[in-house]
């Protein structure tokens with residue numbers, strides 16, 4: 001697709017440059033160029049040297065939701081991509097200020113390998129669609145046969161599914177790398193801490209009630225050992241889903257219980273919407289509660305001045321071909337949305353990474369295992385967990401859990417393949 005886009009891009013640039021100063025065939029060439037651009041499935045816009053739009057094709061109307069007659073002869077092409085006026089790549093080409101490209105697209109651009117004086121970039125545009133889109137775009141100058149600049153052309157390609165799949169693959173590889181390490185070490189560590197706790201218990205029974213210093217020391221050691229044991233349980237859950245005890249549960253009831261137990265003294269409002277006749281799920285109740293609690297805790301911490309958290313649960317069908325690589329069938333989709341501070345784009349792809357955190361507590365960073373454990377729990381329930389966020393605009397976590405009937409089918413298939 002990218003190669004086709006570049007070839008198409010080159011043809012259009014060539015056609016455009018050829019017709020600009022061919023006055024005697026201008027109308028015919030202009031109509032031909034218009035037909036090429038309009039027929040292209042690639043979103044395209046063209047601007048003159050004064051930044052005014054001369055072409056805005058049908059594919060771009062569909063992508064941006066902006067009709068051509070709204071922007072033609074204006075310099076408002078930025079409206080399709082940004083909240084406020086700022087240069088697009090085509091503007092930098094027209095102004096011959098390509099040295100400023102890093103200021104606008106730092107780390108996201110490269111010079112085109114096929115077209116001279118053209119730049120390519122991939123970036124996320126939160127204003128596109130309901131949830132934002134990833135676009136690959138290319139801009140190049142349009143010149144006549146004498147080398148005079150007439151304008152610039154920019155083509156765009158929606159690569160959202162590709163980026164989501166790439167991020168999911170990277171995330172899976174990161175988690176798999178730690179799984180092997182964590183599984184063995186955490187179980188050994190858990191057994192060692194059990195032995196330590198048994199001996200602390202015996203020492204406390206044998207200690208003189210009058211020896212306050214010894215008693216206090218044993219209490220501190222016991223507390224630290226329990227925290228270490230909890231950490232080992234998190235690592236085991238991260239590695240292979242933990243010690244699961246699954247049974248068929250009404251997921252709506254688990255959501256209501258999580259909200260009932262959520263913090264109520266933080267000026268946060270909770271809203272719950274659960275579809276009638278929602279299918280049951282086969283889950284480990286304790287682990288799913290842990291997932292909800294971690295997400296709620298993160299949301300509350302992201303709203304220091306208060307806000308709202310919304311739970312939505314509904315059934316959905318997943319087809320055979322899906323970018324999340326889930327088994328096809330009926331799922332329960334749970335969306336948990338807050339109105340908090342949001343997550344910076346550069347951090348968004350890392351929030352499920354083990355030991356990645358931006359939280360500071362008592363002058364130290366946290367362990368960063370909470371969301372990684374949540375992701376592992378959902379994955380080991382044969383579901384998926386994704387996140388969408390923008391700094392200053394809140395966060396939404398989306399969980400997909402297979403219905404109990406689909407879960408049984410998946411487990412049966414796995415057993416028969418062993």
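Data overview
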quantity: Filter result (part of a loop (DSSP other than H, G, I, E, B) and within 15 Å of residue 156 (Cα to Cα)) within segment 38-57; calculated: 40, 41, 42, 43, 57
quantity: Options 195, 139, 186, 182; residue that is modelled with pLDDT of 75 or more and either under 30 Å from residue 61 (Cα atoms) or buried (at least 17 other Cβ atoms within 10 Å of the Cβ) (or both); calculated: 139
quantity: Single unsatisfied condition, residue 74 versus (1) out of contact with any helix residue (DSSP H, G or I) (no Cβ under 9 Å at 6 or more places or on another chain); (2) not in a loop (DSSP other than H, G, I, E, B); calculated: (2)
quantity: Subset of segment 305-327 [without any contact (Cβ under 8 Å) to a residue 12 or more places away in the chain and surrounded by 13 or more Cβ atoms within 10 Å (Cβ to Cβ)]; calculated: 322
quantity: Qualifying residue in segment 295-307 (condition: part of a strand (DSSP E or B) and modelled with pLDDT of 90 or more); calculated: yes
quantity: Those residues of segment 276-304 which are touching a residue at least 60 places away in the same chain (Cβ under 8 Å) and under 20 Å from the mean Cα position of the chain (by Cα), in sequence order; calculated: 291, 294, 295, 297, 298, 299, 302
quantity: Test for residue 316: is it in the same structural domain as residue 270 (by TED's automatic domain parsing) and at pLDDT 75 or above; calculated: yes
quantity: Residue that is within 24 Å of the chain's Cα centre (by Cα), in the same structural domain as residue 53 (by TED's automatic domain parsing) and at pLDDT 75 or above, where the choices are 120, 154; calculated: 120
quantity: Single condition residue 104 does not satisfy, out of (1) modelled with pLDDT of 85 or more; (2) in contact with a strand residue (DSSP E or B) (Cβ under 8 Å, 6 or more places away or on another chain); calculated: (2)
quantity: Segment 246-273: number of residues that are part of a strand (DSSP E or B) and within 27 Å of residue 304 (Cα to Cα); calculated: 6
quantity: In segment 83-101, the residues that are at pLDDT below 90 and over 21 Å from residue 142 (Cα atoms); calculated: 83, 84
quantity: Yes/no for residue 346 being within 19 Å of the chain's Cα centre (by Cα) and in a helix (DSSP H, G or I); calculated: yes
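The values are calculated or read from the model by the stated rules, or taken from the named source; none is laboratory data. Every value quoted in this text rests on a predicted model; they were computed, and no experiment measured them. Please note: Cβ atoms are built from the backbone with ideal geometry, for glycine as well, and neighbour counts cover all protein chains shown.
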